[in-house]
Amino acid sequence: MWFASVLPHIIDKRCGVQAPLGSRLGRFAMDWPELIGRSLLDYGGYYYMSFVGHYGWGGGPKGDLHFPLAPWMYWTGLAMLGFAIWQALTASVRLTATVRIWLTVSAAASVLLTFLAMYVTCTGQNQMTVAGVQGRYFVPPLFALAGAVGGLLATRAPGVQQRFYVMLLSAWVIACTVAMLRDASRLYGHLA
């Protein structure tokens, strides 16, 4: 009872949006396909970039929260994501259709609830897109989707392709780490 009475008055300090919760939930319930669709169209590039990553130390000398990574990391990250999808599809995994459906439904529900949470807390009145969503919020649903599609195209036993992928992924992680350490010291000074 107490929670229901204070919920409409809660303000997310990050966003400062305050509006009656009932009307916000009602609008989201009616317009969620359009809100999410327009958000994906308008901010899809940002979602991808923040999924791969960006520098985000707010206490850095410049105080900026969004220094992008080197462009090559975003392009090669897309290739690595493609390799990961292929690895999941061709893995030797056997799941029932029921498990696959539930993994897919849970991933979709996670994305929907992410947009709902950011709509309620960070989106101003009458905005046509959902504010506050970041690409990193899509990582958990991707794990569920990887399980849902796992083994759908299984035609091989693990072997050379899997070892190649692990070596490629390891080289990519090392290259990104070295580049980020170099960039971090340039952006934020010497890190002791």
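Observations, loosely collected:
- Looking across the range 77-99, the residues that are farther than 21 Å from R163 by Cβ, aliphatic (A, V, I, L, M) and surrounded by fewer than 14 Cβ atoms within 10 Å (Cβ to Cβ) come down to L78, A97, V99.
- Which numbered condition D31 misses (of (1) part of a helix (DSSP H, G or I); (2) modelled with pLDDT under 90; (3) under 24 Å from the mean Cα position of the chain (by Cα)): (2)
For every residue, the table says whether it meets (1) more than 30 Å from Y43 (Cβ to Cβ); (2) out of contact with any His (no Cβ under 9 Å at 6 or more places or on another chain); (3) loosely packed, with under 14 Cβ neighbours inside 10 Å.
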site: Q134; (1), (2), (3): no, yes, no
site: Y137; (1), (2), (3): no, yes, no
site: L145; (1), (2), (3): no, yes, no
site: A148; (1), (2), (3): no, yes, no
site: L152; (1), (2), (3): no, yes, yes
site: T155; (1), (2), (3): yes, yes, yes
site: Q162; (1), (2), (3): yes, yes, no
site: M167; (1), (2), (3): yes, yes, yes
site: S170; (1), (2), (3): yes, yes, yes
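- Test: residue in the range 136-149 that is assigned to a helix (DSSP H, G or I), within 13 Å of L35 (Cα to Cα) and in contact (Cβ under 8 Å) with a residue 40 or more places away in the chain: no
The values are calculated or read from the model by the stated rules, or taken from the named source; none is laboratory data. All values reported here derive from a predicted model rather than from experimental measurement. Note that each Cβ is placed from the backbone with ideal geometry, even for glycine, and that neighbours are counted across all protein chains shown.
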